[in-house]
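Inspection log for the structure reproduced underneath, given as C-alpha cells.
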Amino acid sequence: MSSKTPVLFQIGWNACINCGACVAICPQEAGFISDFDTIAVDRPCDIACMLCEDICPVTTITHTEVHSAKAKK
Amino acid sequence: MTFPEYDVVIIGSGPAGATTARILAGNGFQTLLVDKRQELGAPIQCSGAVSRHALEETGVPISTEYIQEAIYGFGIYNQEGRANFIDYRKLKPDEYGSEAGKKPLGFVVDRRRFDRFLLTQAERAGAETWLKTEGLGYSLLPNGKCEVRLRRFNEEIKVKARVLIGADGLQSQVGRWAGLRTHIKITELASCLQFVVDRVETDGLLEIITGHDWAPGGYAWVFPKGHGYAEIGLGVIPTLTDKNAQWHLDRFLKDSFFKDRFSDSRILEIQGGGVPLASPLRTQYADNLILVGDAARHVNPITGGGIHTALSGGIIAGKFLSQFLLSGEEPSKENLKGYQDAWLEKLGNKMWKLYEEKTAIFKLNDKAERDQKLFETMSSYFHPESEYKKI
Ligand SMILES: Cc1cc2nc3c(=O)[nH]c(=O)nc-3n(C[C@H](O)[C@H](O)[C@H](O)COP(=O)(O)OP(=O)(O)OC[C@H]3O[C@@H](n4cnc5c(N)ncnc54)[C@H](O)[C@@H]3O)c2cc1C
Ligand code: SF4
C-alpha cells in the first residue's frame, strides 16, 4: 500500500457529526488526528488506504493527492 | 520541577475509565482521571441502551438523573417485518412492569448525564478528575514508573504514575502509544448514524431490525428515548454497500415496512459513530499500561453494545490493580498480563465465542440465508434462556 501517492484529506466540517469513526479505522500511528477529533487534515497521509472515507457515515471526507510528498509537512 | 505523582492515571472518563477510577480511588489509591471533553458524553456517539442487571452488577446506583426511559424487552424483526417479541411484561408479569413493586429489564440512558454521573461517583470515591485534559503520550521511567504527558486547557503537564490506563474509547490512541496492535478491519467496523426523533411511537421495547436490504452487515434500531421521543438508527459495514449510512437511514425511514409509522417523524438530534463488530484485542496490556472498555475492544460483537462490558471491564481492572499495586511488584507487561487473564475468564472467552458466531453468519454468501441466520441469532440472543443474557 505504501507505493500509493500520499494524500491530504479535507473534511466538510458542516456535514461532519464528530463521530470519530474515521479515527477508529485509521491505521496510522498515534496522533494522526485533527483538533476536531477527526483524522488529520494538516499533513499528508502516506498510507492512503482511504478507509476513513469509506467508514464516514455522512461521506464528508475527500482528498487531494500530494505529489511532492516530502516537501509538504 | 517535581511532577505530581499518582498510583494510576486513567485517560478517558467514559463508563470504563470512570468505573476503574471509582474502584481504585475507593480502595485508597491515588487516582487521576482525565478526559479531553468539556462535557462528558457529548457529542453523543451512543444509543444508550443498558440492562438493569449491568448497572446493579457493577454497583452503579440507578438514578433518574440519567435515565430517559425504562425498557421491558425486545422486538426483533426480519427483513419483511415479521417480528419476534420478547416482552418480559408478558413472560414474567409478576416481576417486570411499570407498576409499583415491579421492575424494568433495562434503560435507555442519556450518555451526557450517565457519563457525568459516573464521573461524580469516581470523584466522590476520592479520584481527582480533570476535564479539558488530553492525554498526549507516555514514557517509561528507570524507576519502574511511567511519565504521562497531558495538556490541561493551555498547559502541558507531566505526571508520574505506576500504571497508566487507556480507557479512551474506540478511537484509542493510548494503545497505539504502546505499539499494541489495535487496528480494526473495515469489514468489522459498522458505520452508524442515528436520529433522535419526535412523533414516533414506541412501547418500552428495544426494536432491532435485521436484513441486508435495510442495514447491510449490521442492523437498524428503534429505541424509546423518553418524553415521547425515539431513536432511529442503523449501522452498515462499508464493504457490503456502496452507499453511506446516511443514505441507508434515509431509505429505512422512507421505504421500510415502518414508513407509515415514521411518516410524521421530526429529527431532533443527529448522532453517529463506529461500532466494532469485532473480537477483543489480543493484547490489552504493555509495560505500565492496560486498556479497558472500547479501547480494548470490549464490545459485544453481535449487538455492538459496549456499556455493560465497559462497566464490567472497569470493575475487573480496578479489582486486579487494587491487589496488584499492594503486592509492590513491578508493573511490567509480564506482570500485568494477569489483568487480561482475569478479564478473559470473566467475560472475554464468551465474547470470543460470540465473535465466532457472528463471523460464521457473515461468511454465508447467500443473502437470504445470512439474513435468516442473523434474525434467528438476534432472536435467540435476547431470549430469556440465552447463555449470553448477562453480557
Ligand atoms: C451509534 C452507537 C450506538 C451505540 N449504542 C449502544 C447501546 O445502545 N448500548 C451499548 O451498550 N453500547 C452502545 N454503543 C457502544 C458504546 O457507546 C461504547 O461501547 C461505550 O461508550 C464504551 O465506553 P468506554 O468507556 O470504553 O469509551 P467511551 O465512552 O468512548 O469513552 C472514552 C472517553 O475517552 C475520552 N478520550 C479519548 N481520547 C482521549 C485523550 N487522548 N485524552 C483524554 N481523554 C480522551 C473521550 O473524550 C471519552 O470521554 C454504541 C456506539 C455507537 C457508536
Ligand atoms: S467519520 Fe466523517 S462524520 Fe465521523 S468524525 Fe470522521 S469526518 Fe466526521
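The values are calculated or read from the model by the stated rules, or taken from the named source; none is laboratory data. Just so it is clear, the model here is predicted, and its values are computed rather than measured. Cβ placement follows ideal geometry from the backbone for every residue including glycine, while neighbour counts extend to all protein chains displayed. Please note that ligands, DNA and RNA were not included when accessible areas were found on the heavy atoms of the full protein model with its side chains. Shrake-Rupley method; radii C 1.70, N 1.55, O 1.52, S 1.80 Å.
Observations
- Within region B:280-293, the residues that satisfy the criterion of being closer than 11 Å to B:Thr182 by Cα and either within 16 Å of ligand 2 (Cβ to nearest atom) or of a type outside the set (Val, Ile, Thr) (or both) are B:Pro280, B:Leu281, B:Arg282, B:Gln284, B:Leu291.
- Out of B:Gln38, B:Gln68, sole residue that is open to solvent by 30 Å² or more (accessible area, probe 1.4 Å), farther than 15 Å from B:Pro15 by Cβ and within 14 Å of chain A (Cβ to nearest Cβ): B:Gln38
- Within region B:31-127, strands (runs of 3 or more DSSP E) holding 2 or more residues that are among the hydrophobic types (A, V, I, L, M, F, W, C) and within 16 Å of ligand 1 (Cβ to nearest atom): B:31-34, B:49-51, B:67-71, B:73-77, B:106-109
- Single residue of B:Arg52, B:Arg22, B:Arg89, B:Arg82 found to be modelled with pLDDT of 95 or more and in contact with a helix residue (DSSP H, G or I) (Cβ under 7 Å, 6 or more places away or on another chain): B:Arg22
- Residue match in region A:16-37 (condition: at pLDDT 95 or above, hydroxyl-bearing (Ser, Thr, Tyr), in contact with a strand residue (DSSP E or B) (Cβ under 8 Å, 6 or more places away or on another chain) and within 15 Å of ligand 1 (Cβ to nearest atom)): yes
- The listed residue being touching a Ser or Thr at 6+ places or on another chain (Cβ under 6 Å), farther than 30 Å from B:Gly318 by Cβ and within 11 Å of chain A (Cβ to nearest Cβ), out of B:Thr187, B:Thr241: B:Thr187
- Hits in region A:1-33 - residues which are crowded, with 16+ Cβ neighbours inside 10 Å and either among the basic types (Lys, Arg) or away from chain B (no Cβ under 12 Å) (or both): A:Pro6, A:Val7, A:Leu8, A:Phe9, A:Ile11
- B:Lys254 assigned by TED's automatic domain parsing to the domain that holds B:Ser191 and either open to solvent by 60 Å² or more (accessible area, probe 1.4 Å) or closer than 30 Å to B:Tyr138 by Cβ (or both): yes
- Scan of region B:157-179 for residues that are more than 10 Å from chain A (Cβ to nearest Cβ), more than 13 Å from ligand 1 (Cβ to nearest atom) and closer than 21 Å to A:Ala40 by Cα, ordered by number: none
- Test: B:Arg111 is open to solvent by less than 60 Å² (accessible area, probe 1.4 Å) and within 14 Å of chain A (Cβ to nearest Cβ): yes
- Scanning region B:171-186 for residues that are under 30 Å from B:Ala215 (Cβ atoms), more than 16 Å from ligand 2 (Cβ to nearest atom), modelled with pLDDT of 95 or more and part of a strand (DSSP E or B) turns up nothing.
- Matching residues in region B:214-239 - criterion: being out of contact with any helix residue (DSSP H, G or I) (no Cβ under 8 Å at 6 or more places or on another chain) and either touching a residue at least 40 places away in the same chain (Cβ under 8 Å) or crowded, with 20+ Cβ neighbours inside 10 Å (or both): B:Gly218, B:Trp221, B:Val222, B:Phe223, B:Pro224, B:Lys225, B:Gly226, B:His227, B:Tyr229, B:Ala230, B:Glu231
- Qualifying residue in region B:306-329 (condition: within 14 Å of another protein chain (Cβ to nearest Cβ), within 16 Å of ligand 2 (Cβ to nearest atom) and either open to solvent by 50 Å² or more (accessible area, probe 1.4 Å) or over 24 Å from B:Gln30 (Cβ atoms) (or both)): no
- Neighbours by Cβ (under 8 Å, 6+ apart or cross-chain): first from region A:45-64, among the hydrophobic types (A, V, I, L, M, F, W, C); second more than 12 Å from ligand 2 (Cβ to nearest atom) and open to solvent by less than 10 Å² (accessible area, probe 1.4 Å): A:Cys45/A:Val7; A:Ala48/A:Val7; A:Met50/A:Val7
- When residues of region B:168-177 are limited to those that are open to solvent by 10 Å² or more (accessible area, probe 1.4 Å) and within 14 Å of B:Lys36 (Cβ to Cβ), the one nearest to the chain's Cα centre (by Cα): B:Gly169
- Taking residues in region B:5-26 that are buried (at least 24 other Cβ atoms within 10 Å of the Cβ), and partners anywhere that are at pLDDT below 95, not one pair has Cβ atoms closer than 7 Å while being at least 6 places apart or on different chains.
- Residues that are at positive phi number at least 3 in none of the strands (runs of 3 or more DSSP E) confined to region B:193-285.
- If you check B:Leu91, B:Leu180, B:Leu140, B:Leu150 for being surrounded by fewer than 24 Cβ atoms within 10 Å (Cβ to Cβ) and closer than 30 Å to A:Thr60 by Cβ, only one passes: B:Leu180.
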